[in-house]
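Peer 1: Here it is: the structure, laid out below.
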Amino acid sequence: MKIAMVGSGYVGLVSGACFADFGHDVVCIDKDPAKIAKLEDGIMPIYEPGLDALVESNVKAGRLSFSTDLPSAIKEAAAIFIAVGTPSRRGDGHADLSFVYAVAEEIGASLSNDAVIVTKSTVPVGTGDEVERILQASGNSNKFAVVSNPEFLREGAAIGDFKRPDRIVIGAEDEFGREVMNEVYRPLFLNESPILFVNRRSSELIKYAANAFLATKITFINEMADLCEKVGANVQDVSRGIGMDNRIGAKFLNAGPGYGGSCFPKDTLALLKTAEDYDSPTRIVEAVVNVNDSRKRAMGRKVIDALGGPDAARGKKVAMLGLTFKPNTDDMRDSPAIAIALALRDAGVDVAAFDPEGMEIAQPLMPDVNMCESAYEAIEGADAVAIVTEWDAFRALDLRRVKELAKAPVLVDLRNIYTPEDVRAAGFTYESIGRA
Ligand code: UGA
């Protein structure tokens with residue numbers, strides 16, 4: 001089956017490469033000629049483990065190609081995916097759908113065979129209706145259906161998530177749409193991935209509800225962590241104790257500095273907007289957004305407290321280990337590290353940082369932070385070391401070396417990757433999250 005993927009960003013590229021790996025004939029399209037030229041040279045525009053090899057092998061096999069020319073690239077495609085960005089609109093938090101609608105218009109103007117148009121971009125409820133209206137208004141005489149098929153890919157684990165999904169959600173309004181989508185996902189029938197067919201608006205809402213629920217779960221455990229610190233409990237034990245209840249589930253109960261990334265912050269805001277537009281308040285999501293925002297800066301204060309409070313902190317140096325919003329990505333969007341670095345700088349603290357992948361993108365976002373070649377270089381002369389992102393490389397630091405290099409043996413572990421007893425036994429003052 002021929003598939004066209006419009007938008008060769010994170011979602012489009014991962015999805016396109018995986019569809020090709022399933023045996024489909026895929027063309028990934030993008031307006032940016034520099035991006036397409038690089039992809040043709042095997043250079044990935046994003047950091048995602050395994051993606052370069054997957055692209056390379058499928059290009060070699062002749063199943064994956066790249067193009068800037070939408071009208072000719074969508075010819076004979078049975079499914080045309082729209083996977084362009086839907087950033088937060090400046091000012092009001094609504095998802096900006098101008099890229100999605102522009103693609104729909106272009107498809108309407110150039111469609112030359114029957115096809116299913118699939119929105120894979122994260123789009124608010126009702127976007128599929130508008131895409132359908134745009135296609136109808138184009139006067140194109142080919143048969144088409146507009147389907148919603150949200151993605152549930154985690155950065156850093158996207159290929160695995162695509163190939164072994166918990167579920168595939170398809171929002172279709174007619175048999176043509178359902179039939180073609182069945183064909184698209186047939187390769188996944190073998191590993192028995194459940195496909196859930198629902199109506200288009202439900203599918204669009206499932207995406208936002210899933211992300212908002214996960215953001216709520218994280219925020220809930222983060223507040224429990226604060227309470228644990230006050231009452232002398234251990235949040236990791238609390239997570240385990242509640243997560244063993246199948247109705248709750250163990251995942252997404254790791255307390256930390258607050259969620260970030262390109263999805264949870266943007267999607268929770270967009271959901272609030274939808275709720276407002278339909279006069280159906282979602283107060284829980286509202287609270288989650290506010291609690292998470294204030295948490296990021298509070299983490300800066302936690303580090304300042306470890307330095308002895310605001311007065312003592314001025315002029316001291318902190319080594320920040322990890323800048324990206326989570327490991328195995330170079331993504332800095334809404335990373336807690338940004339708010340933490342800012343809070344430290346505002347308090348007159350010097351910051352040296354190291355991140356395995358994120359420093360190039362991070363530097364302009366935190367111009368006052370001194371980016372280092374290694375964790376140990378950042379630690380040299382530091383009055384405290386703060387672990388902000390749980391990269392594997394930080395899980396087994398040579399604590400003796402850290403103690404030698406740092407000015408003071410203070411470790412603030414915002415991801416709970418160390419055991420308090422071990423670190424204290426090594427002679428450190430140790431602060432973590434939700435462990436009194
Ligand atoms: C998230 C969802 O997990 C995906 O299912 C979804 O497809 C994607 O958004 C999207 O909408 O495109 P992602 O943003 O890549 O994926 O990252 P997550 O692994 O979900 O982590 C999000 C944030 O939550 C990170 O800042 C992470 O550190 C934080 N987190 C996660 C916690 O603080 N605790 C946890 O237990 C889990």
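The values are calculated or read from the model by the stated rules, or taken from the named source; none is laboratory data. All of these numbers come straight from a predicted model, not from anything done at the bench. Positions of Cβ are backbone-derived with ideal geometry, glycine not excepted, and every protein chain shown enters the neighbour counts. Just so you know, the surface numbers come from the protein's heavy atoms only, side chains and all, with ligands and any DNA or RNA stripped out. Shrake-Rupley method; radii C 1.70, N 1.55, O 1.52, S 1.80 Å.
Peer 1: Scanning for something touching a residue at least 60 places away in the same chain (Cβ under 8 Å), within 30 Å of residue 286 (Cβ to Cβ), assigned by TED's automatic domain parsing to the domain that holds residue 284 and more than 11 Å from the ligand (Cβ to nearest atom), does the stretch 211-222 turn up at least one residue?
Peer 2: Yes: the stretch 211-222 contains one or more residues that are touching a residue at least 60 places away in the same chain (Cβ under 8 Å), within 30 Å of residue 286 (Cβ to Cβ), assigned by TED's automatic domain parsing to the domain that holds residue 284 and more than 11 Å from the ligand (Cβ to nearest atom).
Peer 1: Let me ask something else about it. Could you please tell me which pairs satisfy a Cβ distance under 7 Å, a separation of 6+ or placement on different chains, a first residue in the stretch 250-266 that is assigned by TED's automatic domain parsing to the domain that holds residue 222 and free of Cβ contacts under 8 Å to residues at least 60 places away in the same chain, and a second residue that is more than 6 Å from the ligand (Cβ to nearest atom) and part of a loop (DSSP other than H, G, I, E, B)?
Peer 2: Within 7 Å, the pairs are 250/244.
Peer 1: Mind checking whether some residue in the stretch 268-280 is of a type in the set (D, E, K, R), surrounded by 20 or more Cβ atoms within 10 Å (Cβ to Cβ) and in contact (Cβ under 8 Å) with a residue 24 or more places away in the chain?
Peer 2: no
Peer 1: Then there's this: Out of curiosity, is residue 125 open to solvent by 10 Å² or more (accessible area, probe 1.4 Å) and either more than 25 Å from residue 328 (Cα to Cα) or touching a residue at least 12 places away in the same chain (Cβ under 8 Å) (or both)?
Peer 2: Here the answer is yes, as residue 125 does meet what is asked.
Peer 1: Quick test for you: out of 85, 91, pick the one residue that is surrounded by 14 or more Cβ atoms within 10 Å (Cβ to Cβ), assigned by TED's automatic domain parsing to the domain that holds residue 137 and in a loop (DSSP other than H, G, I, E, B).
Peer 2: 85 is the lone residue from the list that is surrounded by 14 or more Cβ atoms within 10 Å (Cβ to Cβ), assigned by TED's automatic domain parsing to the domain that holds residue 137 and in a loop (DSSP other than H, G, I, E, B).
Peer 1: Output the residue which, of all residues in the stretch 139-151 that are modelled with pLDDT of 95 or more and either within 16 Å of the ligand (Cβ to nearest atom) or small (Gly, Ala, Ser) (or both), is farthest from residue 20 (Cα to Cα).
Peer 2: This residue is 145.
Peer 1: Which residue out of 176, 189 is more than 16 Å from the ligand (Cβ to nearest atom), more than 30 Å from residue 326 (Cβ to Cβ) and at pLDDT 95 or above?
Peer 2: It is 176.
Peer 1: Continuing with the same structure: For the stretch 1-34, which residues satisfy the criterion of being away from the ligand (no atom under 16 Å from the Cβ) and β-branched (Val, Ile, Thr)?
Peer 2: Answer for the stretch 1-34, where residues must be away from the ligand (no atom under 16 Å from the Cβ) and β-branched (Val, Ile, Thr): 3, 6, 26, 27, 29.
Here's the yes/no breakdown for (1) on the phi > 0 side of the Ramachandran plot; (2) within 16 Å of the ligand (Cβ to nearest atom); (3) over 25 Å from the mean Cα position of the chain (by Cα):
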position	(1), (2), (3)
353	no, no, no
357	no, yes, no
370	no, no, yes
389	no, yes, no
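Peer 1: Which members of the stretch 239-255 meet the condition of being touching a Leu at 6+ places or on another chain (Cβ under 6 Å) and under 25 Å from residue 337 (Cα atoms)?
Peer 2: 239, 252
Peer 1: Say we look at the stretch 8-26 and pick out the residues that are in contact with a helix residue (DSSP H, G or I) (Cβ under 8 Å, 6 or more places away or on another chain) and open to solvent by 10 Å² or more (accessible area, probe 1.4 Å); which of these is nearest to residue 328 (Cα to Cα)?
Peer 2: 10
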